[in-house]
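The structure under discussion appears below in the form of structure tokens.
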Amino acid sequence: MEIALRTPLIHSLPLSQHCGCNVWLKMESSQPTGSFKLRSAEKICCYYAERGATAFISSSGGNAGIAVAHSGRKLGLPVTVVVPESTSARAKQLIEQEGASLIVHGKVWSEANDYAQSLATDEVIYLHPFDHPLLWEGISTIVDEVISCGLKPDAVILSVGGGSMLSGIAQGLEKHQIGYIPVYAVETHGTASLNASLNAGKLVRLDKVSGIATTLAASQVCENAFNVASRLDVRSMLVSDQEALNACRRFLDDHRVLTEPACGVSLSLLYDHKIRFTHADNVLVIVCGGASVTLEGIAG
Ligand SMILES: *Cc1c(COP(=O)(O)O)cnc(C)c1O
């Protein structure tokens, strides 16, 4: 069964002209649930469904939870999503729209996550939102598709929350023997968990996360993301909430697509000329998307 779709790869004329290079957009915003998380959710849900899973439990009130809810519905298996009290009404609505049962538990994600894990059995499978090799394998298909379009990127720009995207893209690049290209890994100042770990030279946990990019608000990246960032040419970049928002607005005008600030952080590297490329460079941006965004939410 096909759950995640093959997404468009668009040569962005406005961004290419703005940056003086070739900017390519991998439109994960076009996935049925609005983000690349459907690739990882499909991979892991199908894996366990084939091995006798009877239900799934997710602890993500964001795009991961929505993607698991969608995958379960397509597979005909019930999904429970445990979310903390801080989860937005919009996110809850999207999860319930997919037919999943919603449980609100705990003040913060870690409390919801502990509870979700406690509900798991041999057949009722708990799914972590970002830390599992099957999730990364699902995401690596983004690179397969780019390569099959005949594009060999000179650089990649992507957003970092818990690090599944970084892990999956790195896996894809290495699979296609281009693991040496620079990967710009973007966070906001308030969610800079990868940046903090790279500065410390070891995996560290942030005391607090803050700001508008709630989808990126993992206090610690997964160990694999840290290892990838240490091994490959991964360049940690930080932008402000305002820059992320501005990028979402400009992207909406340029490409008529609404994205979360979690995606705006990557776009802002280009809109705000944070990196320079040459005319010949092919720069791939993972337009990671995001479901819990509304026009009002990015209005200034
Ligand atoms: C999950 C997500 C991210 C961050 O990805 P990680 O794998 O957690 O680093 C960024 N943008 C969107 C839209 C997401 O859903």
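The values are calculated or read from the model by the stated rules, or taken from the named source; none is laboratory data. On a predicted model such as this, the values are computed, not experimentally measured, just so you know. We place every Cβ from the backbone using ideal geometry, glycine too, and count neighbours over all the protein chains shown. Areas reflect the complete protein model, heavy atoms only, side chains present, ligands, DNA and RNA absent. Shrake-Rupley method; radii C 1.70, N 1.55, O 1.52, S 1.80 Å.
See the values below:
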| item | result |
| --- | --- |
| Filter result for Leu232 (touching a strand residue (DSSP E or B) at 6+ places or on another chain (Cβ under 8 Å), away from the ligand (no atom under 14 Å from the Cβ) and modelled with pLDDT of 95 or more) | yes |
| Pairs with Cβ under 8 Å, 6+ apart, first in region 277-300 and in contact (Cβ under 8 Å) with a residue 12 or more places away in the chain and open to solvent by 50 Å² or more (accessible area, probe 1.4 Å), second charged (D, E, K, R) and within 15 Å of the ligand (Cβ to nearest atom) | Thr294/Arg90 |
| Some residue of region 163-170 being among the polar types (S, T, N, Q), open to solvent by less than 10 Å² (accessible area, probe 1.4 Å), within 12 Å of the chain's Cα centre (by Cα) and within 16 Å of the ligand (Cβ to nearest atom) | yes |
| When residues of region 186-207 are limited to those that are of a type in the set (S, T, N, Q) and either more than 10 Å from the ligand (Cβ to nearest atom) or open to solvent by 50 Å² or more (accessible area, probe 1.4 Å) (or both), the one farthest from Glu145 (Cα to Cα) | Asn199 |
| Of residues in region 113-158 being in a strand (DSSP E or B) and open to solvent by less than 10 Å² (accessible area, probe 1.4 Å), the one nearest to the ligand (Cβ to nearest atom) | Leu158 |
| Given (1) within 13 Å of the ligand (Cβ to nearest atom); (2) hydrophobic (A, V, I, L, M, F, W, C); (3) open to solvent by 50 Å² or more (accessible area, probe 1.4 Å), index of the condition Val183 fails | (3) |
| Selection count, region 4-31, where residues are free of Cβ contacts under 8 Å to residues at least 60 places away in the same chain and small (Gly, Ala, Ser) | 1 |
| Flag for Ile275 being out of contact with any His (no Cβ under 9 Å at 6 or more places or on another chain) and more than 14 Å from the ligand (Cβ to nearest atom) | yes |
| Test for Asn246: is it buried (at least 19 other Cβ atoms within 10 Å of the Cβ), over 17 Å from the mean Cα position of the chain (by Cα), more than 15 Å from the ligand (Cβ to nearest atom) and not basic (Lys, Arg) | yes |
| Among the residues listed as Ser219, Ser210, Ser240, Ser266, the single one being surrounded by fewer than 18 Cβ atoms within 10 Å (Cβ to Cβ) and over 21 Å from Trp109 (Cβ atoms) | Ser240 |
| Cβ-Cβ under 6 Å pairs, at least 6 apart or on other chains, region 148-159 side modelled with pLDDT of 95 or more and hydroxyl-bearing (Ser, Thr, Tyr), far side in a strand (DSSP E or B) and within 16 Å of the ligand (Cβ to nearest atom) | Ser159/Val186 |
